[in-house]
1. Using the structure shown, decide if residue A:83 is at pLDDT 95 or above, farther than 24 Å from residue A:166 by Cα and outside any helix (DSSP H, G or I).
2. Here's a check for you: in the range B:340-361, which residue that is facing chain A (nearest Cβ under 7 Å), touching a residue at least 40 places away in the same chain (Cβ under 8 Å) and open to solvent by 10 Å² or more (accessible area, probe 1.4 Å) is nearest to residue B:318 (Cα to Cα)?
3. From the residues in the range B:313-338 that are under 29 Å from the mean Cα position of the chain (by Cα) and surrounded by fewer than 20 Cβ atoms within 10 Å (Cβ to Cβ), which one is nearest to the other protein chains (Cβ to nearest Cβ)?
4. Scan the range A:218-258 residue by residue and report those that are away from chain B (no Cβ under 14 Å), under 30 Å from residue B:360 (Cα atoms) and surrounded by fewer than 24 Cβ atoms within 10 Å (Cβ to Cβ).
5. Among the candidates B:405, B:376, single out the residue that is surrounded by 15 or more Cβ atoms within 10 Å (Cβ to Cβ), closer than 26 Å to residue A:284 by Cβ and at the interface with chain A (Cβ under 9 Å from one of its Cβ atoms).
6. Of all residues being within 22 Å of residue A:57 (Cβ to Cβ) and aliphatic (A, V, I, L, M) in the range A:314-328, which is surrounded by the most Cβ atoms within 10 Å (Cβ to Cβ)? Just the residue, please.
7. Being open to solvent by 20 Å² or more (accessible area, probe 1.4 Å) and within 14 Å of chain A (Cβ to nearest Cβ) is the filter here; which residues of the range B:432-450 pass it?
8. How about the range B:414-431: which of its residues are assigned to a loop (DSSP other than H, G, I, E, B) and away from every other protein chain (no Cβ under 13 Å)?
Amino acid sequence: MNASVNSGGVVETPARRPFKMPVEAGIFLVLVAIALAFEALGWMVRGESFLGNSQRLVIIVLQVSIIGLLAIGVTQVIITSGVDLSSGSVLALSAMVAASLAQTSDNARAVFPMLTDLPAVVPVIAGVLVGALAGVVNGGLVAVTGIPPFIATLGMMVTARGLARYYTHGQPISRLSEDFTWIGAGATPVIVFLVTALIFHVALRYTRYGKFTYAIGANAQAARVSGINIGRHLIVVYGIAGLLAGLGGVMTAARSATGQAGMGMGYELDAIAAVVIGGTSLTGGVGRITGTVIGTVILGVMTSGFTFVGIDAYVQDIVKGLIIVAAVTADQYRMRRRKKA
Amino acid sequence: MAVTALGMMTPPSVSTHAPPYLLEVDSVRKEFPGVVALDSVCLRIRPGTVHALMGENGAGKSTLMKIIAGIYTPDQGMIRLRGEPCRLTSPLDALEAGIAMIHQELNLMSFMTIAENIWIRREPLNRFGLVDHAELRRRTRDLFRRLKIDLDPDQAVGELTVAGRQMVEIAKAVSYDSDVLIMDEPTSALTDREVAHLFAIVEDLRSRGKAIIYITHKMNEVFEIADDISIFRDGRHILTDAASNLTRDKLINLMVGREITQMFPKGESKIGEVVLSVENLALEGVFSNVSFELRAGEILGIAGLVGSGRTNVAEAIFGMTPATAGTIRIDGKPVRVDSPKTAMAHKLALLTEDRKETGLFLMLSVLENMELAALTDRYVQGGFVAQSELNGICATMKNTLRVKTPHLQECIENLSGGNQQKVLIARWLMTQPRVLILDEPTRGIDVGAKAEIHRLISDLAAQGMAIIMISSELPEILGMSDRVMVMHEGRVTGTVDRADADQVTIMRLASG
């Protein structure tokens, strides 16, 4: 029987779709499978449990929470059918700026000797704003000049890294105030990551901002005809991605109590990997934050698991690469099957 | 094997042993998840004939053609070519067996030249094993001479008009010397002259003993060109008969399986105040001096050949490509429209000509497609979408417009063309426009949905909406419009009242 009978005895035809497994269920199963594989390997190789260690579970997420933060921004950019290659470099630039404004006065060689012992809120806001500004430049380039997002953000990737180095001529920035370093201590990055994920999960699903983001990725022309100011919206989306990279920079600087121009090297690709593993399609219009969170955790489980069972770092990269390709292949099959249906 | 002299000289296709049918489709069945697209379909095509396939969207014509062209493989049943069973598992198989398909969505590489596109995979090589461009050009010229196509083989395909590209597709199919040619709505983007040219080519092919399978929605074309007509409905083959045994009305009834009393029912509506007036509107190099007034409750038809500037006028009024000169007034007040967003703020709406390019979000759901335009100025509070309210309105829209979909969450790609079009109309109605511009509202839509959309347009006018309707179908223009404005090469050549409008007058104005 397709029709359901309600309490009044009136037969009502189903207006909602029949229950379907969410896309994330598949990715979640992959996560569980990988975790269980390491559990088994753990008992075999080391004779102890991989998952039965609450401290390890926190570390799994902790070590990828900065990448996860970037990935939340990148997810939104990819949904608009763009891409952001600059997040790792923007993170470094923001970390440098934040660190330079978080130094204590007992430092003889502070970057800004006049600006020491500032309240922690100053470096935090400065770092986040620098990131947002870089993102707005990315979005502006894409929206105004029409150059492909790949090129625009590639340019920003190189430029922001250069700026980060130029800022102190390659010197690391150290002796940061305790008020500031507290931000990155303990499990705060995990909390920041999960709260940010929740905010943008809600934003994508329940706000106009989200609806417009999907629409632009699904068909930019049709979105424009439907009255969406595409340029302005893209600037906001890339701006948010930059802002989150900036936040990632602040967290990184606070956690390590330094600012270094080499921070976040290669993070942009890890972030994209997390997004893609999470089921967001590079063709745009499709994707969810929940998938990205699971994708991020998969990356974390793999890193921890490989180390736990003692697999060579080089082999880790080989396997990671294979998993990314496998995820996109699975995505292609899903798209093709949906098309034929 | 003994071969007689006679047998050697006679090609098998005309030998006395040849079967009467070039292509036979025998009890073919094809299922997609949840849908039976074709159910024990049989079809037989004679050589030297044009065989038209007709049916509403979703009747199974395109699926059947894709099976014949090797794009899909059937779940059951078989295909016989020249009496021999054959199994086609790819478009390449089909091409090599002598079956070529001219696609509805054109499949050409825009940055390559015409010659390169036609002979792709079969390029003539010189003695160094490199592509011999002189020979390539010569072959293309020979082919074009035979088909009377006037195009430069070295031109990039991307620079051609849609009609030009269509000609290249046809030339490519002919170049394979295929025995069976499948044409899926080949004339939907062609002007009358180009259609005549296409028909001349089809005649030529027919006289050479080729079989042409011709899918179309246009009645006049069918009776002009087809020898045999097969009708499909809901994945079933209903009937095949000689075109001379069928009439237009009979055809329509067989296609929809029900009586359609009136095709173009523009009802009574009270014509009110002038809502939109356009004065000397121009877009440099495209159109100029376009002026007209549009009143509440009125339907203004815009007729003209493809390329006459009709669509450009609509896009200028709606701000997609803002006009370079002239004034647009709403309620007598001049307004500046520089983007669709500002046009919508002035309560304008435009249903664009190309559903796929500028209308649909194919990967999104029916609901997401329907609600989007309304979100620009309502149903949003503090950035949050009032989803439950919207769901209710969309459900009402779905029922009022009779959109056939299992639920609002369905991916819009799975709906038929007519239902997709209804969703797009619903999208605009939800913005509560005062002026609704419809560009080819029924293109590529089956007869049943067409009549429903006509009734809907008429109802909207009766409720006082001011409507502009652009259409290439004269009966539609004549049946629906209160006034008809005719354009030719970017100029308005005349405006005719409903009482004085007939096909001859309008065609004369449209051809300058």
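1. yes
2. The selected residue is B:344.
3. First, the residues of the range B:313-338 that are under 29 Å from the mean Cα position of the chain (by Cα): B:313-323.
If we keep only those that are surrounded by fewer than 20 Cβ atoms within 10 Å (Cβ to Cβ) as well, we get B:321-322.
Details: B:321: 11, B:322: 13 Å.
Step by step, filter the range B:313-338, then rank; the result is B:321.
4. Keep residues of the range A:218-258 that are away from chain B (no Cβ under 14 Å), which gives A:234-235, A:237-239, A:241-258.
In the following step, the residues that additionally are under 30 Å from residue B:360 (Cα atoms) were identified as A:234-235, A:237-239, A:241.
Within the range A:218-258, A:235, A:239 qualify.
5. Criteria check complete, one pass: B:376.
6. Among those residues, the one meeting the criterion is A:323.
7. B:432
8. Result: B:416, single match.
The values are calculated or read from the model by the stated rules, or taken from the named source; none is laboratory data. Given the structure is predicted, the values throughout are model-derived calculations rather than measurements. Please note: Cβ atoms are built from the backbone with ideal geometry, for glycine as well, and neighbour counts cover all protein chains shown. The area values use the complete protein model at the heavy-atom level, side chains included, leaving out ligands, DNA and RNA. Shrake-Rupley method; radii C 1.70, N 1.55, O 1.52, S 1.80 Å.
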